[in-house]
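*Asks:* My questions will all concern the structure given below.
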Amino acid sequence: MKPIELSFEFFPPKTPDGVEKLRATREQLATLDPKFVSVTFGAGGSTQQGTLDTVVDIQKAGVDAAPHLSCIGSSKESLREILGQYRSHGIRHIVALRGDLPSGMGEVGELRYASELVAFIRQETGDAFHIEVAAYPEYHPQARSPRHDLEAFAQKVKAGANSAITQYFFNADAYFRFVDEARKLGVDIPIVPGIMPITNYSQLMRFSEMCGAEVPRWIAKRLESFGDDRDSIRAFGLDVVTDLCRRLVDAGVPGLHFYTLNTAAASKTICERLSA
Ligand code: FAD
């Protein structure tokens, strides 16, 4: 089997302990030789320095690190400044997003959609960055319609995105169908599945509710039935997510992007099982 291109997503830690924990996580995942790792960005710039510091720290370890950048709540001037900072640190890879404003927080900003951010990055920096964008096989929760969401995705690609990472999903068919539909709209960039390892039932249900990812009933029911038995949750989660990844890899996906939540164990075990 051809080796799978892997990438791992982290969030910027807020405490010295968090920084140490992330270093340990990165070291464990580095043994899997990821193509790149990415670091999230809080809407409105709330993690601006943390995102940059984390990316710079990772680059020093010789791993390609891509900061995320969201445009909601930001002015063009502040985005220009951040892009300048990224460039001055030798960063050449970016994940461009609209982001979500916490409820009640501030103005939308000068750019309303990720497609406008991608166009802005291209206008300001030409081909300086490889740009990743988000894709939603089960559709974005605010989308007017599935068709409209697909067209919005195609718009980001037209604006200059080089590749896409999907929201996580547990229905492989939703991903296959989404890719087929996107290809019909002329989208020819790689669309890499985002993978969420399952390690915690209530957290998974909360995240999924927020981001519009469906947890199939049979998975939710089994996880719920384990109660506080974390070992059973982890064991079942590993089986389910490894099976999903195997199906995706067998179908020839261009890579797998893991939402690690800054821990290594589950992502690492899944990748090791896939290559066994
Ligand atoms: P868009 O592509 O702009 O889409 C947002 C909504 O607007 C969709 O419903 C779309 O259908 C609609 N839309 C798009 N264009 C138009 C248009 N022209 N007219 C009308 N409607 C339109 N969030 C963060 O805050 N920080 C992060 O670091 C972060 N990283 C992420 C990484 C990945 C891989 C993914 C999948 C998501 C991430 N998110 C992050 C969450 C993301 O910001 C939210 O899902 C957000 O709600 C949408 O961002 P987007 O870039 O997909 O937006």
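The values are calculated or read from the model by the stated rules, or taken from the named source; none is laboratory data. It should be emphasised that the depicted structure is a prediction, and the values quoted were computed from it without experimental measurement. Note that we place each Cβ from the backbone using ideal geometry, even for glycine, and neighbour counts take in every protein chain shown. The area values use the complete protein model at the heavy-atom level, side chains included, leaving out ligands, DNA and RNA. Shrake-Rupley method; radii C 1.70, N 1.55, O 1.52, S 1.80 Å.
*Asks:* Taking interchain pairs and intrachain pairs at least six residues apart, which have beta carbon atoms under 9 angstrom, with the first residue in segment 246-257 and more than 16 Å from Ala276 (Cβ to Cβ) and within 16 Å of the ligand (Cβ to nearest atom) and the second of a type in the set (Lys, Arg) and modelled with pLDDT of 95 or more?
*Replies:* Gly255/Lys35
*Asks:* Of all residues being of a type in the set (A, V, I, L, M, F, W, C) and either open to solvent by 20 Å² or more (accessible area, probe 1.4 Å) or on the phi > 0 side of the Ramachandran plot (or both) in segment 33-73, which is farthest from the ligand (Cβ to nearest atom)? Just the residue, please.
*Replies:* Going through segment 33-73, the residues of a type in the set (A, V, I, L, M, F, W, C) turn out to be 36-37, 39, 41, 43, 52, 55-56, 58, 61, 63, 65-66, 69, 71-72.
From what's left, either open to solvent by 20 Å² or more (accessible area, probe 1.4 Å) or on the phi > 0 side of the Ramachandran plot (or both): 41, 56, 61, 63.
Details: Phe41: 4, Val56: 17, Ala61: 21, Val63: 18 Å.
So the residue we want is Ala61.
*Asks:* Moving to a separate point now. In segment 90-113, is there at least one residue being modelled with pLDDT of 95 or more and polar (S, T, N, Q)?
*Replies:* no
*Asks:* Of the numbered conditions (1) touching a residue at least 12 places away in the same chain (Cβ under 8 Å); (2) polar (S, T, N, Q); (3) away from the ligand (no atom under 16 Å from the Cβ), Ser115 fails exactly one; give the number of that condition.
*Replies:* For Ser115, the exception is condition (3).
*Asks:* Going by the conditions given, is Leu101 within 11 Å of the ligand (Cβ to nearest atom), under 17 Å from Glu9 (Cβ atoms) and open to solvent by 20 Å² or more (accessible area, probe 1.4 Å)?
*Replies:* Values: within 11 Å of the ligand (Cβ to nearest atom): yes; under 17 Å from Glu9 (Cβ atoms): no; open to solvent by 20 Å² or more (accessible area, probe 1.4 Å): yes.
No.
*Asks:* Can you tell me which residue is farthest from the chain's Cα centre (by Cα) among those in segment 119-136 that are more than 10 Å from the ligand (Cβ to nearest atom) and part of a loop (DSSP other than H, G, I, E, B)?
*Replies:* Among those that are more than 10 Å from the ligand (Cβ to nearest atom) and part of a loop (DSSP other than H, G, I, E, B), it is Gly126.
*Asks:* Determine, yes or no, whether Phe153 is open to solvent by less than 60 Å² (accessible area, probe 1.4 Å), more than 14 Å from the ligand (Cβ to nearest atom) and not basic (Lys, Arg). Can you show your working first?
*Replies:* Values: open to solvent by less than 60 Å² (accessible area, probe 1.4 Å): yes; more than 14 Å from the ligand (Cβ to nearest atom): no; not basic (Lys, Arg): yes.
It is false that Phe153 is open to solvent by less than 60 Å² (accessible area, probe 1.4 Å), more than 14 Å from the ligand (Cβ to nearest atom) and not basic (Lys, Arg).
*Asks:* Moving to a separate point now. So which pairs qualify, if the first residue must be in segment 178-205 and among the charged types (D, E, K, R), the second must be surrounded by fewer than 21 Cβ atoms within 10 Å (Cβ to Cβ) and modelled with pLDDT of 95 or more, the Cβ gap must be under 8 Å, and the two must be at least 6 apart or on different chains?
*Replies:* Once the first residue is among the charged types (D, E, K, R) and sits in segment 178-205, its partners that are surrounded by fewer than 21 Cβ atoms within 10 Å (Cβ to Cβ) and modelled with pLDDT of 95 or more give Glu181/Leu150.
*Asks:* Right, here's the next one. If I go through segment 1-13 residue by residue, how many of them are assigned to a loop (DSSP other than H, G, I, E, B) and either within 15 Å of the ligand (Cβ to nearest atom) or at pLDDT below 95 (or both)?
*Replies:* Count: 7.
*Asks:* Considering segment 140-150 alone, what residues qualify as being more than 6 Å from the ligand (Cβ to nearest atom) and open to solvent by 10 Å² or more (accessible area, probe 1.4 Å)? Walk me through it before giving the result.
*Replies:* First pass over segment 140-150, keeping only residues more than 6 Å from the ligand (Cβ to nearest atom): 141, 144-147, 150.
Within segment 140-150, Pro141, Arg144, Ser145, Pro146, Arg147 meet the criteria.
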